[in-house]
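The values are calculated or read from the model by the stated rules, or taken from the named source; none is laboratory data. A quick note: this is a predicted structure, and the numbers were derived from the prediction, not measured. Positions of Cβ are backbone-derived with ideal geometry, glycine not excepted, and every protein chain shown enters the neighbour counts. The area values use the complete protein model at the heavy-atom level, side chains included, leaving out ligands, DNA and RNA. Shrake-Rupley method; radii C 1.70, N 1.55, O 1.52, S 1.80 Å.
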Amino acid sequence: MTKTIKWLAPALIVLAAGGLYWKWQHRAEPASHQQSEKAASIHYETYENGRFPFSLPFPKGLLIPGEGSDNGDGMTFTSPDQQTVMTAFGANNAAEHTLQDEYRGTLKRQAESGEPRQVTFKAIKKNWYVVSGTEGDKIFYQKTYLADDQFMTFRIRYPASQRAQWDPIVAHVSGKFAVTPGGAQ
């Protein structure tokens, strides 16, 4: 019996440690991980621009592609309720702006709606930048690349009340927004 008692304490410690480990492994996932899983569960199609070297996914059914521009520089996608609009387009850098010039211009840009515009996030890297914030009751997000003396951009505006739905989608689209220098012309 003393052998049984002798092994009982270590066995209980191992069980308790295993239970704590299991609880730690199955704790609530961070919101960003939950959002990325939610975005990944949506069916995406890919829009590839025929004139400029970029592509990006869009959530099928949540955003409906429009006719596209006459000159082939981009596409507008609109939600069925008309509250969310995403545009994806390219432009030749005829004015020979730097990425920093475009970035500063985006930071100064007035809201399309005339509502007060507040930038809440901004970042600039070697060949791209992001600017995001609010315009009244809408959230806006823009990511722009500069490659081969061309700017490729996607913008989206959606109701702040739909943030839980759209934030993970925007993160997914932004992460998969692909520019292929030397691609389509």
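Quick look at the numbers
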quantity	calculated
With DNA, RNA and ligands ignored, accessible area of Arg163 (1.4 Å probe; Å², nearest 10)	120
The range 53-127 shape via C-alpha gyration tensor axes, a/c threshold 1.5	oblate
Listed residues Asp149, Asp70 arranged by accessible area, highest first, probe 1.4 Å	Asp70, Asp149
Magnitude of the charge dipole, the range 107-184, Cβ model with Lys/Arg +1 and Asp/Glu -1, debye to 20	180
Dipole of the range 135-185 [Lys/Arg +1, Asp/Glu -1 at C-beta], most positive-end residue of His172, Leu146, Pro159	Pro159
With DNA, RNA and ligands ignored, accessible area of Glu96 (1.4 Å probe; Å², nearest 10)	150
Extension gain, Asn93 back to Ser69 (0.36 nm per residue minus Cα-Cα distance, nm)	6.8 nm
Long pairs among Lys125/Lys176; Lys122/Lys176; Lys108/Lys143; Lys143/Lys176; Lys60/Lys126, criterion Cα-Cα beyond 23 Å	Lys60/Lys126
Length gained when the stretch Gln82-Asp137 is fully extended (0.36 nm per residue, less Cα-Cα span)	18.3 nm
Distance between modelled label sites at Thr46 and Lys108, nm, 7 Å Cα→Cβ extension	3.8
